[in-house]
Amino acid sequence: MPMFVVTGGAGFIGSNFVRLALAQSPDLRIVNIDLLTYAGNLENLAGVPEDRHTFVRADITDPEAMARAIPPNADALVNFAAETHVDRSILCPLAFVRTNVLGTQVLLEAARARGAKRFLQVSTDEVYGALAPDDPPFTEDHPLAPSSPYAASKAGADLLALAAYRTYGQDVVITRCSNNYGPYQVPEKLIPLMLSNALEDKPLPVYGDGRQVRDWIYTDDHSRAILAAATRGRPGRVYNIGARNERYNIDVVRGILRQLGKPESLIEHVTDRPGHDRRYAIDSRRAQQELGWRPETVFEEGLARTIRWYRDHADWWRRVKDGSYREFYEKWYGGR
Ligand code: NAD
Ligand code: TYD
């Protein structure tokens with residue numbers, strides 16, 4: 001029976017990957033390690049087959065806990081666990097260095113000690129920094145030039161993973177993906193924040209002029225790419241993952257309002273994010289050629305599906321928006 005260890009599998013993309021991988025491979029087992037921070041939610045895993053999914057609550061920065069939690073000889077350890085929100089990284093960078101840099105190093109060592117056959121590091125296009133309007137999309141050879149503490153901590157993790165490949169011959173594969181959207185995303189990121197605020201007739205805080213560009217990919221497409229890289233990727237290789245859906249933020253926000261039948265007067269331009277990257281765009285030809293993967297979801301269809309999900313799952317995001325989320329929202333948006 002094939003077996004994967006997944007970390008961060010109660011978060012947005014990790015839980016999507018767990019559901020998708022278990023559905024696609026009927027004999028696969030997954031051990032899912034997650035600390036359940038504010039971003040982790042066991043509700044995201046409701047309905048996954050219990051006989052093939054084991055959940056362990058533990059911190060990836062704790063070497064003893066990882067030695068206990070990681071079973072021997074896994075086919076792959078797929079590391080999703082991370083602090084992931086750029087705005088939080090501006091308020092509290094140390095948490096990002098701890099989980100994203102230290103945590104990845106602890107996992108690399110634990111994976112080696114436990115005989116994991118492959119280490120897949122789930123990374124981001126943000127490690128490349130920003131593009132100018134006419135630049136070609138990022139290829140894997142683009143220099144690392146991260147802007148935010150989040151992006152810098154992910155770049156640090158990538159470098160540690162590549163160092164483990166070169167120094168110890170550890171089988172490491174890295175995927176760098178563009179901005180994801182879809183069900184179960186914490187409503188602090190652009191699309192679910194705008195959606196949930198619009199559904200509650202609250203202001204939609206657009207940073208600066210809203211003319212920043214992001215390259216959007218539906219979560220299922222990202223999860224399928226990770227599965228392909230975990231099984232077919234070449235050791236020591238980086239694969240960019242993206243769907244060539246570049247959009248201005250303001251157009252995404254207007255599209256959401258249009259689909260919900262809400263007025264544009266809800267848009268509120270607020271002070272820009274410090275160090276805000278103007279544009280991301282990703283060239284995923286290597287992944288398409290070497291992994292036999294390609295994105296399948298057209299942005300407008302994926303967005304419509306996502307909007308329906310948030311409209312039908314108000315209980316889910318209302319619960320997430322209670323509690324500690326409120327404290328962050330007040331700190332970040334209050335007085336902007
Ligand atoms: P998320 O914030 O929704 O989930 C992160 C998960 O990691 C949560 O379940 C959380 O509880 C867990 N976690 C955090 N710290 C932990 C720790 N110390 N020990 C164990 N678990 C811990 O994030 P996401 O959007 O699902 O992103 C998953 C991965 O994909 C991250 O590595 C992120 O950098 C990468 N990524 C995300 C995007 C995106 O658009 N969301 C794009 C490219 C890459
Ligand atoms: P985000 O979802 O935080 O992803 P990232 O910064 O990792 O790309 O933000 C996506 C874009 O939306 C980014 O350009 C910042 C912008 N944004 C806003 O304009 N307002 C907001 O309230 C948020 C959270 C993001």
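The values are calculated or read from the model by the stated rules, or taken from the named source; none is laboratory data. None of the values given here were measured: they were computed from a predicted structure. As a convention, Cβ positions derive from the backbone with ideal geometry for all residues, glycine included, and neighbour counts pool all protein chains shown. These accessible areas exclude ligands, DNA and RNA; they are computed on the full protein's heavy atoms, side chains included. Shrake-Rupley method; radii C 1.70, N 1.55, O 1.52, S 1.80 Å.
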Take segment 150-207 and flag every residue that is within 22 Å of F80 (Cα to Cα), assigned to a helix (DSSP H, G or I) and β-branched (V, I, T).
I191
Residue list for segment 84-119, restricted to those being within 16 Å of ligand 2 (Cβ to nearest atom), out of contact with any Gly (no Cβ under 9 Å at 6 or more places or on another chain) and either among the aromatic types (F, W, Y) or assigned to a loop (DSSP other than H, G, I, E, B) (or both):
H85, C92, F96
Given the criteria of a type in the set (D, E, K, R) and within 21 Å of G275 (Cα to Cα), does E140 qualify?
no
May I ask you to list the residues in segment 188-214 that are crowded, with 20+ Cβ neighbours inside 10 Å and under 16 Å from the mean Cα position of the chain (by Cα)?
E188, L190, I191, P192, L193, R214
Can you spot a residue in segment 32-41 that is buried (at least 18 other Cβ atoms within 10 Å of the Cβ), under 24 Å from T231 (Cα atoms) and of a type in the set (S, T, N, Q)?
yes
I'm trying to understand the selection: among the residues of segment 215-243, which are surrounded by fewer than 21 Cβ atoms within 10 Å (Cβ to Cβ) and in contact with a strand residue (DSSP E or B) (Cβ under 7 Å, 6 or more places away or on another chain)?
P235, G236, R237
Is it fair to say V106 is open to solvent by 30 Å² or more (accessible area, probe 1.4 Å) and within 14 Å of ligand 1 (Cβ to nearest atom)?
no
Please tell me if G9 is part of a helix (DSSP H, G or I) and buried (at least 24 other Cβ atoms within 10 Å of the Cβ).
no
Looking only at segment 277-336, count every residue that is more than 30 Å from G236 (Cβ to Cβ) and away from ligand 1 (no atom under 16 Å from the Cβ) and tell me the total.
22
The conditions are (1) without any contact (Cβ under 8 Å) to a residue 40 or more places away in the chain; (2) over 25 Å from Q121 (Cβ atoms); (3) not acidic (D, E), and R294 fails exactly one of them. Which is it?
(2)
